[in-house]
Amino acid sequence: MMILHHGNRSSASRRVRLCLEEKGLSYESHVVDMTRLEHHSPEYLKINPLGVIPTLIHDGRPLHESGTICEYLDESFPDPPLRPETPYERAEMRNWIRHIDGLIGNLIVFNWRHHLQKVAQQWSDEELAAKIKNIPSKERQEAWLRVARKPYTEEERDAARGRLVQLLDRMEQALAASGWLVGQAYSIADIAAAPFVKRIDEEIAPDQVSQKAHPRVADWWARMQARPAFARANFGPFVTTLA
Ligand SMILES: N[C@@H](CCC(=O)N[C@@H](CS)C(=O)NCC(=O)O)C(=O)O
């Protein structure tokens, strides 16, 4: 029995949903309302000490970190395989996940202004201070402070956009060998990149996910979206999907 605590718009949650759908695994869905800070509640922190989504509960045991969850799913349910066979390529896959994880702050700059900012700006200073106290990491405390009181500037957005476009540059090179990020086949590295490319294509730098700017990424993205699992994983439009 699997339970997924996740969010429809959350990139890390989208990875895990895509992985579950690729494997044809069913799960009970628990949508976490980030505007209500449900992910910082004492109950949730017991299953995810970082206070972020997603968390997978499998047979009563919680697991956090979307990349780790995808690898766990692939080890537990090997068919169809989503990791390359050789240790070297598996290591390369993990490096992609790690690299993309490190870019999450750049997505926050764009993502949080849509839904979280409206809510967070209405909190009084006392409310904000009380909420921030429950956030386990300094980095995310700062992100909530920014969204509530000091929205990211145009310059900060440009810098974040630049770092995300560099991801596309890096992918463009890697895709030359086989059309997939690692080895000869679709893997968790591709799954890890998909939610980021979705947001870049949708809002952040759509002109960059194109035949003109990054032709291999554009082809890869078309193949990713054509996969039946992709449609089921609910990568719905960021701005209009319900929480
Ligand atoms: N490295 C983590 C990142 C998880 C993460 O940052 N999740 C975001 C949503 S995509 C979140 O919970 N943000 C809410 C917050 O930081 O308060 C993973 O891959 O699971």
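The values are calculated or read from the model by the stated rules, or taken from the named source; none is laboratory data. Please read these numbers as outputs of a predicted model, since none were measured by experiment. Don't worry about glycine lacking a Cβ; one is built from the backbone with ideal geometry, like all the others, and counts go over all protein chains shown. What goes into the accessible areas is simple: the full protein's heavy atoms, side chains included, and nothing from ligands, DNA or RNA. Shrake-Rupley method; radii C 1.70, N 1.55, O 1.52, S 1.80 Å.
Selection of first residues in the stretch 1-26 that are outside the structural domain of Pro228 (by TED's automatic domain parsing) and of second residues that are modelled with pLDDT under 95 and away from the ligand (no atom under 13 Å from the Cβ), restricted to Cβ pairs under 6 Å at least 6 apart or on distinct chains, gives the following pairs, ordered by first then second residue: Asn8/Thr241.
Taking the conditions exactly as written (away from the ligand (no atom under 15 Å from the Cβ) and either surrounded by 13 or more Cβ atoms within 10 Å (Cβ to Cβ) or in the same structural domain as Tyr72 (by TED's automatic domain parsing) (or both)), does Leu145 satisfy them or not? Criteria not met by Leu145. For the stretch 15-45, which residues satisfy the criterion of being in a helix (DSSP H, G or I), more than 8 Å from the ligand (Cβ to nearest atom) and not hydrophobic (A, V, I, L, M, F, W, C)? Those that are in a helix (DSSP H, G or I), more than 8 Å from the ligand (Cβ to nearest atom) and not hydrophobic (A, V, I, L, M, F, W, C): Arg17, Glu21, Glu22, Lys23, Thr35, Arg36, Glu38, Pro42, Glu43, Tyr44. Residues in the stretch 39-62 that are within 18 Å of Tyr27 (Cα to Cα), surrounded by fewer than 17 Cβ atoms within 10 Å (Cβ to Cβ) and within 19 Å of the chain's Cα centre (by Cα): Ile47, Pro62.
This table checks each residue for (1) in contact with a helix residue (DSSP H, G or I) (Cβ under 8 Å, 6 or more places away or on another chain); (2) open to solvent by 70 Å² or more (accessible area, probe 1.4 Å).
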{"site": "Gly67", "(1), (2)": "yes, no"}
{"site": "Leu82", "(1), (2)": "yes, no"}
{"site": "Pro87", "(1), (2)": "no, yes"}
{"site": "Arg90", "(1), (2)": "no, no"}
{"site": "Arg94", "(1), (2)": "yes, yes"}
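Taking (1) without any contact (Cβ under 8 Å) to a residue 60 or more places away in the chain; (2) more than 12 Å from the ligand (Cβ to nearest atom); (3) open to solvent by less than 70 Å² (accessible area, probe 1.4 Å); (4) not aromatic (Phe, Trp, Tyr) in turn, Glu75 satisfies each apart from (3).
Pairs are defined by a Cβ separation below 6 Å, a sequence spacing of at least 6 or placement on different chains, a first member in the stretch 110-128 that is of a type outside the set (Phe, Trp, Tyr) and at pLDDT below 95, and a second member that is open to solvent by 40 Å² or more (accessible area, probe 1.4 Å) and outside any helix (DSSP H, G or I); the pairs so defined are His114/Val239. Scanning the stretch 53-72 for residues that are free of Cβ contacts under 8 Å to residues at least 24 places away in the same chain and in contact with a Ser or Thr (Cβ under 8 Å, 6 or more places away or on another chain) yields Pro62, Leu63, His64.
Pairs are defined by a Cβ separation below 9 Å, a sequence spacing of at least 6 or placement on different chains, a first member in the stretch 132-151 that is hydrophobic (A, V, I, L, M, F, W, C), and a second member that is modelled with pLDDT under 95 and open to solvent by 60 Å² or more (accessible area, probe 1.4 Å); the pairs so defined are Val147/Arg113.
If you go through the stretch 50-67 and keep only what is part of a loop (DSSP other than H, G, I, E, B) and either among the polar types (S, T, N, Q) or more than 12 Å from the ligand (Cβ to nearest atom) (or both), you end up with Asp59, Gly60. Would you confirm whether or not the stretch 124-133 contains a residue that is in contact with a helix residue (DSSP H, G or I) (Cβ under 7 Å, 6 or more places away or on another chain), within 16 Å of the ligand (Cβ to nearest atom) and outside any helix (DSSP H, G or I)? No, because not a single residue in the stretch 124-133 is in contact with a helix residue (DSSP H, G or I) (Cβ under 7 Å, 6 or more places away or on another chain), within 16 Å of the ligand (Cβ to nearest atom) and outside any helix (DSSP H, G or I). The residues in the stretch 1-10 that are near the ligand (Cβ under 10 Å from one of its atoms) and open to solvent by less than 10 Å² (accessible area, probe 1.4 Å) can be counted, and the count is 2.
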